[in-house]
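Everything below concerns the one structure shown next.
The numbers here are math on the coordinates, done by the rules we state, and not lab data. Predicted model only: the values in this text are computed from it and were never measured. So basically every Cβ, Gly included, is an ideal-geometry build from the backbone, and we count neighbours across all protein chains shown.
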Amino acid sequence: MKLTGKFPKSFFIKTLVLLVVFFFLLIFSGASDSFNKTTQNFLTKLGNESEPDSNIVIIYINGNDISAIGPWPIKRSYYALLINSLKEFEVKTTGLEVFLSARFVTQSVYENLLTNVIEQAGNVVLGSTAGSINYNNGIYYTDSLSYPTPKLLNDEIRTGHLNFLNEDGIIIPLEVKTLTEKEKAFSLVLAGNEIHEDLIELNIFSSWQKFRKYSLLEYFDLLQNNKDSLLYLKNKIVIIGISDPQLASPVSSAFDEQVPGVALHAFAVDNILNGRWFCNNYYSLSSILFLIFLIVFSFFVQKKPVEKIIAIYIFLIILFLLISIIYLKVFYIKLAYVHFIIPLSILFITELVFYTRERQELLLGTIAETKALKSILKNKENQLEKLQKELDVTEDVKLIEKIKSLKDNIGRMKKVEEDETAVEVGSEIKTENFFGMVYKSKVMANITDLIKRTAPEDANILILGESGTGKELAARAIHSLSKRKDKNFVAVNCGALSDSLLESELFGHVKGAFTGAVSDKEGRFEVADNGTIFLDEVAETSENFQVKLLRILQSGEFEKVGSSKTQRVNVRVVAATNKKPEEAVAEKKFREDLYYRLNVIKIELPPLRERKDDIEILAEHFVRKESPELKISVSVLKTLREYNWKGNVRELESVIKRAVIFAKSSGRKLLQLSDLPKEIVRETTIDFEDLVLESLRNKKFSHSSVTETAKELGKVNRTLVAENFRGVAFKTLVENNYDMNASVRKISDTDDPELNERVKNKVETFLLNIENDVKDLSGNDFETVKLNFSSKYKNLPQRFHIYLDEVIKHFLR
């Protein structure tokens, strides 16, 4: 077998598409990074925001603070006062995110003061700045380091660089080096932790507003007026910095449009303290794994129904989002989201393209068959017209027989055309649904009118009608319109139980009444007390039981089986039978007095054959109930109207259920004659396959018969004829339980041994082709084999697919 037999051609195309998409994603890395960042922000927003570390406090300097205490830069004395006060509260560490440059001469008078305060505090970290930063061999190098003035005055003062790289996320180098110096990150020095990483990617897990924070003026106000509220600052890490966007450029996050630098460093300290910075080490690995997974996934969704494919893709997206959120929010691991979402979307589009092409191919085959049928129909109609003109001249018996046969063929072919046309249900048709009884006919309108008039009274009612006419629906309607509607409605099929069981079922029994009566049992009459009891097939009961039933109808009294205690109930009885009660009375099979007790009001339900106006709306109703998107063809509706319906509405419902199943399995939205049981359809149509078979028989299944048939049927595609013949062969084999001789005779329609040998050779070739390929895939289940046999289904008309399925299963067994 060829490689494409094990791996369908569509799988190779989808694999190639995936590889091309991945290649473009790698080339256009800028767009990929942007998509990744957007996806990460989306995932970060899903679920609840995490809470920042409560040991971190921010004191920020905003525009209002600067306006109130002087122009920027503010006097160093304010920083001195701030640091000194924080020392009194015994904070663990104070970080000054503001870079104290020596360029400002006006600040020189306060430099020594601030330096002395920092020296005395002993827990202050100042911010330094690095120049251009480059990464080489696992080390971040910078061309320069600029230190704050206090550090220049006292080299013992601790500092950390304030730099971050805003690339695919916010990257903070944990240490930068010059040729002679090295400087740790500001946040790393503040946290006081040692971590073995070159960098951290910042995890901004919430709005920066969630940090405990004060503006500079708020803090000084609390210091003067409510000092006790600041006692909690003991052992906290306090970061002081600028939040005014005009002085320090902010960045955006998933939660805030503007995140100031001081907040970024607060997040960095939190990340280091709690080990929740983002890990980017698995990006490339996840990209490769996504590619492998999608290639394998594309193989396993081959040839599945489009509804199932859509459901699988939706499930996969949801699963991917859940896994990504867990990795991002629990393990802080970033994945190559773009390398999953974009290829998966392209793969889905490719699946839809393949599905659309497949449907188009099926449609083209159907259109070709329809065109051929119409062409042949027109030729036969022209032929009929000529023969009828000849008949006007001479009344030849053979000519009359030929015209009769031609008319029959034309009628059957027209049914095929009607089988492709959906019935249009007119909005002007008034359909009624009376407690489940669907109708439009006058006879049923009279029935429902009678029910409406008699239901409110308490009189007993006898419902007559054949099996399947809806006697229980009528009984339920009576109960629902009666004064007893809020009480129980109890239905009992008397014909399905023996006398002893029926008596126990209706009247109940006491413990020990008979073997197996281990406890008291409430009878159906007791359950229906003050309600309605429906006794179906009441004419099937024995005379002995009828006596007991008559008593309860007369007085409401009865005894449980095995008890002498008389009980009383108030029950309305609605009885039903499919027999003619008058005849049963005359034959002494039904008590006359019981009949008169039950027959206070008589309702006769007509059989379906006497209300054929309702067949269309009943069929439509049952189809909508099973599958609202399906339609009924014109020929199906005509056939349903012509059928005798011995089982009445119940039989019609069963036939529609079966037809819906067959139509769905064939991928159609239209119920056609092929979906109906054979006993309903009989030989009423000529299908394209019949024309193909008839033509091949006429040509004695010769070597050139397929080509000649294709020309004869209106120059249709030769493949269309060949595949119809192959489908007929599979269908006949399955229907004849793989009896080769019987199948060959059915196809050839002759006992000619030479002709049968030709047909046999062709059928055996079809089977051998399947058998050999099944052997190559031995050990696999049917679904796997079918997946690899896509080429064998490709041109075969859809109606024959179920027979090819059975042939494959036969060889697998």
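For Arg212, nonlocal amide neighbours, meaning residues 5 or more places apart or on other chains whose placed amide H falls under 5 Å from its own, are Ile58. For region 610-679, the alpha carbon convex hull comes to 76 Å³ per residue, rounded to a whole number.
Cβ crowding within 10 Å, taken as a proxy for footprinting-reagent exposure, orders His509, His339 from fewest neighbours to most as His509, His339.
Normalized C-alpha radius of gyration of region 573-698, against 2.2 N^0.38 Å? Can you show the working numbers first?
On the way: Rg = 20.7 Å, N = 126, 2.2 N^0.38 = 13.8 Å.
Output field value: 1.50.
Across the cross-link table entries Lys452/Lys521; Lys308/Lys792; Lys657/Lys786; Lys521/Lys588; Lys638/Lys786, which are compared at the Cα atoms, the separations over 31 Å belong to Lys452/Lys521; Lys521/Lys588; Lys638/Lys786.
Take the Cα of Glu757, step 7 Å toward its Cβ, do the same at Tyr135, and the gap between the two points is 8.1 nm. Annotation: aspartates and glutamates with alpha-carbon distance below 12 angstrom to Lys182 (same-chain offsets under eight excluded): Asp143.
The C-alpha atoms of the chain define a longest principal axis, and helix 306-329 lies at about 20 degrees to it.
If the limit is 27 Å between Cα atoms, which of Lys565/Lys589; Lys487/Lys602; Lys236/Lys329; Lys580/Lys612 go over it?
Numbers: Lys565/Lys589 30 Å; Lys487/Lys602 23 Å; Lys236/Lys329 25 Å; Lys580/Lys612 23 Å.
Listed pairs above 27 Å: Lys565/Lys589.
For region 442-609, a Kirkwood radius taken over Cα pairs fed into Stokes-Einstein (37 °C, viscosity 0.692 mPa s) yields D = 200 µm²/s. Cross-link partners of Lys334 among aspartates and glutamates, defined as those whose alpha carbon lies under 14 angstrom from its own and excluding same-chain residues fewer than eight positions apart: Asp33, Asp168, Glu201.
The string of couplings for region 514-529 from the Karplus curve (6.51, -1.76, 1.60, θ = phi - 60°) is 7, 4, x, 7, 7, 7, 5, 10, 7, x, 5, 5, 5, 4, 8, 3 Hz, one whole number per residue in order, with x for Gly and Pro.
Between amide H atoms placed 1.01 Å from N, distances below 5 Å from Leu671 occur with Lys631, Ile632, Ser633, all of them 5 or more places distant or on a separate chain. Cα centroids of region 59-87 and region 148-220: how far apart, whole angstrom? Cα centroid to Cα centroid, the span is 20 Å. Residues in region 606-640 near a label at Leu450, defined as backbone nitrogen under 20 Å from the 7 Å Cα→Cβ point? Only 606-615 fall inside the zone, counting backbone N under 20 Å. Other residues lying with their Cβ under 15 Å from the Cβ of Ile601 contribute a combined charge of +2, Lys and Arg counting +1, Asp and Glu -1.
Can you give the % of DSSP beta bridges in the chain that are antiparallel, to the nearest 5? Walk me through the numbers before you get to the answer.
Details: 26 of 71 bridges.
Here the share of antiparallel DSSP bridges comes out near 35 percent.
Rounded to the nearest 20, the Cβ-based charge dipole of region 442-509 about its Cα centre (Lys and Arg +1, Asp and Glu -1) stands at 460 debye. You can think of it this way: the chain between Ser467 and Glu51 has 142.7 nm of extra reach, that is 0.36 nm per residue less the Cα-Cα gap.
Relative protection proxy for 598-611, 11-24, from highest mean packing down: 598-611, 11-24 (other beta-carbon atoms within 10 angstrom). Apply the Debye scattering formula to region 38-121, with a single equal point scatterer on each alpha-carbon and no solvent, then give log10 I(q)/I(0) at q = 0.17 Å⁻¹. For the requested q values the scattering log ratios are -0.81.
Just so you know, the averaged projected area of the alpha carbon convex hull for region 588-630 sits at 5.4 nm². The 3J(HN,Hα) values that the Karplus relation (6.51, -1.76, 1.60; θ = phi - 60°) gives for region 662-668 are, in residue order, 5, 5, 5, 5, 8, x, 9 Hz. Gly and Pro appear as x. All Cα-Cα distances of the chain, cut into 20 Å bins from zero to the largest, leave 11, 24, 20, 21, 17, 6, 0 percent in each bin in turn.
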